[in-house]
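*Asks:* One structure, pasted below without further comment.
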Amino acid sequence: MKNKPLLLACLLMPVFVWAQPATQTIRGRVVDKESKYPLLGVNVLLVEETGSPTGTISEDDGAYRLEHVPVGRQTLESTYVGYEKAVVSNIVVGSGKEVILDLEMEESTLELGVVEVIGQRSGETRNDMAPVSARQFSVEETDRYAGSRGDPGRMASNFAGVQGADDSRNDIVIRGNSPQGVLWRLEGVSIPNPNHFAIPGTGGGPVTILNNKYLDNSDFFTGAFPAEFGNGVAGVFDLRMRNGNNERHEFSGQLGFLGTELMAEGPLSREKGSSYLLSYRYSTLQLFQFLGIQVGTDAIPQYQDAAFRFNFPTRNGGSLALWGVGGLSDIDILLSDQEAPDTSTFLYGSNDRDQYFASRMGVAGLTLTQPFSANTFLKATVSASNQLVDANHDIIYRHVENDLFVVDSLPPILDYEFEESKISFNAFLNQKLGRTTTLKAGINADIFRMRYEDSARAIIVTPEPELPNLLGDWRVRWNAKDGALLLQPFIQVKQKWGEHLTAMAGLSSLYFGINKNSFSPLEPRLGLVYDLAQNQRLSLGYGLHSQILPGYLYYYGFETQGSDPQEHNLDLGLYKSHHLVLGYDRYVAKNLRLRLETYYQYLFDIPVDVFPSSFSIVNTGSGFSRFFPDTLTNAGTGRNFGLEATIERFFNQGYYFLFTGSVFDSKYTGSDGVLRNTTFNGRFAFNLVLAREFTFKKGSAFNIGGKLTYVGGRWYGPVDEKASADALEVIYLSQSVNTQQFRPYFRADVKASYRWNRPRVSHEFSIDFINVSSQQNILSLTYAPDHPSGNPIREEYQLGFLPIFFYKLDFSLGKK
């Protein structure tokens, strides 16, 4: 068994066959950043480290093409009279697929001449209405960072102010906020939690449904985000899908930890420029069971996901795209199959029952992107989405004979099914009002249909340890079918005053038709950016943001009369926060950037108990459990403040590094009026990511890198042992919640990859060593009534050392 991982790696590593030096084509379109209108006559230059630069000029539809580009990392520069120069670096060119890269150029405030100021650098967002706390991330970054696993959520945990600190899930904590405050958008519309095994009311999961291979460069926001983003108080993922190749058919295959993947793209009509893109992935964790590698449970998760996009060009460089993303997942955690007592705990389940869990998520949409003129641009998306979670639990009655378990019975104790469907619409019009002013106005709308059904039986603990626990009668806790409309209109404007000062202002509003209290009439957003000398910039951002609760919380019945749960939270309103951020950026060198941000966030109208207690909704939203609230009221408050630093060396001359550090404080006040630490108040978070790339002849490259993470532990409190024994789960003493802290979280990851090219074919083999020191990080406390140690309160640990590999093959067929 010990040699099986090495044997597997050897089997996956194809034979190295050296070929003639491979080349590839880089092509795309050049458009105005504001209006998306194609630009004619743009000089597009390939900047090579050796030899003279080569270039081309864009055509009347904005198209450009650079052929016979050597494989490896390349840089493009584009210049145009009256526009700021745009530079795109670290373009990974492989022989298996063409590089299709659309370039956006920003019009200068100057009347004539090519402006030498670089309009957009690495990491700067595509959305130029965001003055602070915003970053663009690329597909390549989700693969490059050690430990990211191609997952946008895990990748984002490397950024300043963001922490994960949970190996079993990809929830992210932004500036001390709950993960449920993160808004996920795809092609402009909000989407359900895009993760397998998603628990209602959470923003993450163990495995992402999203595949970075079909995503385009996207934006990530951590505070004071623009007016177009509503229904989120912590952060925003604004994701985009890319189009397939419209000239030749290309294929990818990948075998790895996250699954076996197949992908195809190509032209539907070469004459019309239409294209298709198809992706499918199936889990391969059964392979890890064969290798004897632990992944958090002896039960093997089953999941699959798929995506598609069909793109049809329209006039003036516009397009109509039909797209979709979805996934299915299920897991059966059967502790009744255990033959002997075990001292282990389970990251994904309780230790006294069999659990059957299944989930699905899907969204499909139609997006129109249409420039009308050199100054006017429209984008509209309509989509339909669905998310369903189905779970059943059977309690285990068993005894021990001859040191082996004998199962007596498996009566059911839980049956629930939650389903949310949604029709979503997003549309905005972008209008350039001259060189210095841009206006953007639009609306986001969601029509919800919700169905929540849940029945459970209480476990009655008997006073005599030798007697089995009893089961109570079935109680209906949820039985709701309802619908509601969410509307969020917005308007925002950007004004440039000269070459140095830019101001942004916006207004938004949020209405949720579930009750009369869920209405926020005016939410202002403001921003200022001042460019100083010597590549320095000051920025300021402010915003008022609001968010609805997870749908199932409105309909929970804390008490049941007959078979009707008494819903007592139907009148809960929005919870809100003010964001204020001050930032400073400086390019210390051409490829070295320093960024500092300090922020203050005040949260109010937070749901808390109506009677004096320590409970607050700010401490929920992560983990594998739902929340069962008593009667709540919007009377809680909270505040987060901190200082963040980022030192980033962009990939150049074969290496890069990213250091992020943040010190912060996150507190809240419950209905008892006591100021406490939030569960996520780690107080500090530090990350260091770095890598070195060695290039060889014929375009091959070896990359070795690592990541160090050191984050303050989460907070908890003394356990109420009697209440925990009665409830068979950990119950904390209310008056002393979050007065104790787990030890700091530390993890070291190492990643190595090798890619090589042959004509029309490229290969990559990568292995990611997660937690190479096998650090025992504490996740939480769990209740294990049958634990052989006799102490049912157990510390639940994160995953230990875990190797994650993949082998990827890209190849293409056909000619233009």
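The values are calculated or read from the model by the stated rules, or taken from the named source; none is laboratory data. Computed from a prediction, not measured in an experiment: that's the story for all the values here. Methodologically, a virtual Cβ is constructed for each residue, glycine included, from the backbone with ideal geometry; neighbour enumeration extends over all protein chains shown. Please note that ligands, DNA and RNA were not included when accessible areas were found on the heavy atoms of the full protein model with its side chains. Shrake-Rupley method; radii C 1.70, N 1.55, O 1.52, S 1.80 Å.
*Asks:* Could you count how many residues in segment 395-437 are open to solvent by less than 60 Å² (accessible area, probe 1.4 Å), closer than 30 Å to LEU501 by Cβ and outside any loop (DSSP other than H, G, I, E, B)?
*Replies:* So the count comes out to 5.
*Asks:* Hey, among SER622, SER563, SER613, SER577, which residue is in contact with a His (Cβ under 6 Å, 6 or more places away or on another chain) and either open to solvent by 20 Å² or more (accessible area, probe 1.4 Å) or in contact (Cβ under 8 Å) with a residue 60 or more places away in the chain (or both)? It would help to see each step written out before you state the result.
*Replies:* Working: SER622 fails: in contact with a His (Cβ under 6 Å, 6 or more places away or on another chain); SER563 fails: in contact with a His (Cβ under 6 Å, 6 or more places away or on another chain); SER613 fails: in contact with a His (Cβ under 6 Å, 6 or more places away or on another chain).
When all the criteria are applied, what remains is SER577.
*Asks:* Oh, and also: Could you figure out which of (1) modelled with pLDDT of 85 or more; (2) part of a strand (DSSP E or B); (3) open to solvent by 20 Å² or more (accessible area, probe 1.4 Å) isn't true of SER762?
*Replies:* Every condition holds for SER762 apart from (3).
*Asks:* While we're on this one: Is there a residue being modelled with pLDDT under 90 and open to solvent by less than 10 Å² (accessible area, probe 1.4 Å) anywhere in segment 181-189?
*Replies:* No: zero hits.
*Asks:* Can you tell me how many residues within segment 131-163 are free of Cβ contacts under 8 Å to residues at least 24 places away in the same chain, open to solvent by 10 Å² or more (accessible area, probe 1.4 Å) and not charged (D, E, K, R)?
*Replies:* 0
*Asks:* Shifting gears a bit: Considering only residues of segment 58-86 that are among the hydroxyl-bearing types (Ser, Thr, Tyr) and under 33 Å from the mean Cα position of the chain (by Cα), which is farthest from GLN370 (Cα to Cα)? If you could, list the steps in order and put the result at the bottom.
*Replies:* As a first pass, look at segment 58-86 and keep what is among the hydroxyl-bearing types (Ser, Thr, Tyr): 58, 64, 75, 78-80, 83.
Subsequent filtering for residues that are under 33 Å from the mean Cα position of the chain (by Cα) retains 64, 75, 78.
On the way: TYR64: 20, THR75: 29, SER78: 23 Å.
It comes out as THR75.
*Asks:* Within segment 470-494, can you find the residues that are modelled with pLDDT under 95 and either closer than 30 Å to ARG537 by Cα or surrounded by fewer than 17 Cβ atoms within 10 Å (Cβ to Cβ) (or both)?
*Replies:* Passing the criteria: LEU470, LEU471, GLY472, ASP473, TRP474, ARG475, VAL476.
*Asks:* A follow-up question, please. Would you point out which residue out of TYR599, TYR554 is of a type in the set (Phe, Trp, Tyr), over 30 Å from ALA533 (Cβ atoms) and touching a Leu at 6+ places or on another chain (Cβ under 9 Å)? Working first, answer last.
*Replies:* Details: TYR599 fails: over 30 Å from ALA533 (Cβ atoms).
Matching residue, one of TYR599, TYR554: TYR554.
*Asks:* Can you give me the number of residues within segment 599-610 that are crowded, with 22+ Cβ neighbours inside 10 Å and closer than 24 Å to LEU733 by Cα?
*Replies:* Here the count works out to 3.
*Asks:* Only one of these is open to solvent by less than 10 Å² (accessible area, probe 1.4 Å), farther than 18 Å from ALA234 by Cβ and either touching a residue at least 40 places away in the same chain (Cβ under 8 Å) or of a type in the set (Ser, Thr, Tyr) (or both): LEU540, LEU572. Name it. Reasoning before the result, please.
*Replies:* Details: LEU540 fails: open to solvent by less than 10 Å² (accessible area, probe 1.4 Å).
Going through LEU540, LEU572 in turn, the sole match is LEU572.
*Asks:* Kindly evaluate VAL737 against the criterion of being at pLDDT 90 or above, buried (at least 16 other Cβ atoms within 10 Å of the Cβ), β-branched (Val, Ile, Thr) and under 27 Å from ARG626 (Cβ atoms).
*Replies:* Working: at pLDDT 90 or above: yes; buried (at least 16 other Cβ atoms within 10 Å of the Cβ): yes; β-branched (Val, Ile, Thr): yes; under 27 Å from ARG626 (Cβ atoms): yes.
Yes.
*Asks:* In this structure, is ALA264 at pLDDT 95 or above and either in contact with a Leu (Cβ under 7 Å, 6 or more places away or on another chain) or crowded, with 19+ Cβ neighbours inside 10 Å (or both)? Working first, answer last.
*Replies:* Values: at pLDDT 95 or above: yes; either in contact with a Leu (Cβ under 7 Å, 6 or more places away or on another chain) or crowded, with 19+ Cβ neighbours inside 10 Å (or both): yes.
In short, yes.
*Asks:* Read through the list (1) open to solvent by less than 40 Å² (accessible area, probe 1.4 Å); (2) on the phi < 0 side of the Ramachandran plot; (3) not small (Gly, Ala, Ser), then give the number of the only condition that PRO53 fails.
*Replies:* For PRO53, the failing item is (1).
*Asks:* Where residues in segment 523-537 are of a type in the set (A, V, I, L, M, F, W, C) and either assigned to a loop (DSSP other than H, G, I, E, B) or open to solvent by less than 30 Å² (accessible area, probe 1.4 Å) (or both), which of them is nearest to LYS590 (Cα to Cα)?
*Replies:* Start the filter on segment 523-537 by keeping residues that are of a type in the set (A, V, I, L, M, F, W, C), which leaves 526, 528-529, 532-533.
Adding the requirement that they be either assigned to a loop (DSSP other than H, G, I, E, B) or open to solvent by less than 30 Å² (accessible area, probe 1.4 Å) (or both) leaves 529, 533.
Working: VAL529: 21, ALA533: 15 Å.
If we take residues in segment 523-537 being of a type in the set (A, V, I, L, M, F, W, C) and either assigned to a loop (DSSP other than H, G, I, E, B) or open to solvent by less than 30 Å² (accessible area, probe 1.4 Å) (or both), then ALA533 is nearest to LYS590 (Cα to Cα).
*Asks:* Residues in segment 716-758 that are under 20 Å from LEU781 (Cβ atoms) and basic (Lys, Arg): how many?
*Replies:* Restricting attention to segment 716-758, the residues satisfying the condition of being under 20 Å from LEU781 (Cβ atoms) are 716-746.
When the remaining residues are screened for being basic (Lys, Arg), the result is 722, 743.
Within segment 716-758, residues that are under 20 Å from LEU781 (Cβ atoms) and basic (Lys, Arg) number 2.
*Asks:* Can I ask one more? Which ones in segment 772-784 are of a type outside the set (Gly, Ala, Ser) and at pLDDT below 90?
*Replies:* Quick first cut of segment 772-784, residues of a type outside the set (Gly, Ala, Ser) only: 772, 775-779, 781-783.
Matches in segment 772-784: GLN775, GLN776, ASN777, ILE778, LEU779, LEU781, THR782, TYR783.
*Asks:* Would you mind telling me which numbered condition in (1) in contact with a strand residue (DSSP E or B) (Cβ under 8 Å, 6 or more places away or on another chain); (2) under 21 Å from THR202 (Cβ atoms) SER625 fails?
*Replies:* Among (1) in contact with a strand residue (DSSP E or B) (Cβ under 8 Å, 6 or more places away or on another chain); (2) under 21 Å from THR202 (Cβ atoms), the lone unmet condition for SER625 is (1).
Here's the yes/no breakdown for (1) of a type in the set (Gly, Ala, Ser); (2) in contact (Cβ under 8 Å) with a residue 24 or more places away in the chain:
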{"residue": "ALA701", "(1), (2)": "yes, yes"}
{"residue": "PRO718", "(1), (2)": "no, no"}
{"residue": "GLU729", "(1), (2)": "no, yes"}
{"residue": "PHE746", "(1), (2)": "no, yes"}
{"residue": "ILE767", "(1), (2)": "no, yes"}
{"residue": "ILE770", "(1), (2)": "no, yes"}
{"residue": "SER773", "(1), (2)": "yes, yes"}
{"residue": "SER780", "(1), (2)": "yes, yes"}
{"residue": "ASN791", "(1), (2)": "no, no"}
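Listed here are the residues, each with its yes/no results for (1) farther than 30 Å from GLY638 by Cα; (2) at pLDDT 95 or above.
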| position | (1), (2) |
| --- | --- |
| VAL236 | no, yes |
| GLN254 | yes, no |
| LEU258 | yes, no |
| GLN286 | yes, no |
| PHE310 | yes, yes |
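*Asks:* Here is a further query. Return a yes/no flag: does segment 610-633 have any residue that is more than 30 Å from GLY557 (Cβ to Cβ) and touching a Gly at 6+ places or on another chain (Cβ under 6 Å).
*Replies:* Going residue by residue through segment 610-633, those that are more than 30 Å from GLY557 (Cβ to Cβ) are none.
Taking every residue of segment 610-633 in turn, none turns out to be more than 30 Å from GLY557 (Cβ to Cβ) and touching a Gly at 6+ places or on another chain (Cβ under 6 Å).
*Asks:* Here is a further query. For segment 438-469, which residues satisfy the criterion of being open to solvent by 70 Å² or more (accessible area, probe 1.4 Å) and over 32 Å from the mean Cα position of the chain (by Cα)? Outline the logic, then answer.
*Replies:* Taking segment 438-469 as the starting set, the residues that turn out to be open to solvent by 70 Å² or more (accessible area, probe 1.4 Å) are 447, 449, 460, 463-468.
Listed by number, the residues that qualify are ILE460, PRO463, GLU464, PRO465, GLU466, LEU467, PRO468.
*Asks:* Next up: Tell me which residues, restricted to segment 629-674, are outside any strand (DSSP E or B) and not aliphatic (A, V, I, L, M). Talk me through it step by step, then tell me what you get.
*Replies:* Restricting attention to segment 629-674, the residues satisfying the condition of being outside any strand (DSSP E or B) are 629-631, 653-654, 670-674.
Result: PRO629, ASP630, THR631, GLN653, GLY654, GLY670, SER671, ASP672, GLY673.
*Asks:* Now a separate question. I'd like the residue in segment 651-672 that is surrounded by fewer than 20 Cβ atoms within 10 Å (Cβ to Cβ) and under 22 Å from the mean Cα position of the chain (by Cα) and, out of all such residues, is farthest from GLY699 (Cα to Cα).
*Replies:* The extreme case among them is GLY661.
*Asks:* Something else about it: Go through segment 590-628 and report how many residues are part of a loop (DSSP other than H, G, I, E, B) and charged (D, E, K, R). Please lay out each step first, then the result.
*Replies:* First, the residues of segment 590-628 that are part of a loop (DSSP other than H, G, I, E, B): 590-591, 610-615, 620-628.
Now narrow it down to the ones that are charged (D, E, K, R): 590, 626.
Total meeting the criteria: 2.
*Asks:* Oh, and also: State all residues of segment 675-697 that are crowded, with 16+ Cβ neighbours inside 10 Å, more than 21 Å from the chain's Cα centre (by Cα) and not in a strand (DSSP E or B); if no residue qualifies, say none.
*Replies:* So in segment 675-697, the residues crowded, with 16+ Cβ neighbours inside 10 Å come out as 676-683, 685-691, 693.
Now narrow it down to the ones that are more than 21 Å from the chain's Cα centre (by Cα): 676-678, 683, 690-691, 693.
The answer is THR678, ARG683.
*Asks:* Moving on. Could you tell me whether segment 747-758 includes any residue that is open to solvent by 60 Å² or more (accessible area, probe 1.4 Å) and in a loop (DSSP other than H, G, I, E, B)? Working first, answer last.
*Replies:* To start, the set of residues in segment 747-758 that are open to solvent by 60 Å² or more (accessible area, probe 1.4 Å) comprises 758.
Narrowing the set further to residues that are in a loop (DSSP other than H, G, I, E, B) leaves none.
Checked segment 747-758: no residue is open to solvent by 60 Å² or more (accessible area, probe 1.4 Å) and in a loop (DSSP other than H, G, I, E, B).
*Asks:* Here's a follow-up. Going by the structure shown, is ALA374 part of a loop (DSSP other than H, G, I, E, B) and among the aliphatic types (A, V, I, L, M)? Outline the logic, then answer.
*Replies:* On the way: part of a loop (DSSP other than H, G, I, E, B): yes; among the aliphatic types (A, V, I, L, M): yes.
The answer is yes for ALA374.
*Asks:* Assigned to a strand (DSSP E or B), of a type in the set (Gly, Ala, Ser) and in contact (Cβ under 8 Å) with a residue 60 or more places away in the chain: does that describe SER520? Spell out how you get there, then give the answer.
*Replies:* On the way: assigned to a strand (DSSP E or B): yes; of a type in the set (Gly, Ala, Ser): yes; in contact (Cβ under 8 Å) with a residue 60 or more places away in the chain: no.
So SER520 fails the test.
*Asks:* Looking only at segment 724-734, how many residues end up being assigned to a loop (DSSP other than H, G, I, E, B) and open to solvent by 50 Å² or more (accessible area, probe 1.4 Å)? Spell out how you get there, then give the answer.
*Replies:* So the first thing to find is which residues in segment 724-734 are assigned to a loop (DSSP other than H, G, I, E, B), and the list is 728-731, 733.
Now drop any that are not open to solvent by 50 Å² or more (accessible area, probe 1.4 Å), which leaves 729, 731, 733.
Summing the residues that are assigned to a loop (DSSP other than H, G, I, E, B) and open to solvent by 50 Å² or more (accessible area, probe 1.4 Å) in segment 724-734 gives 3.
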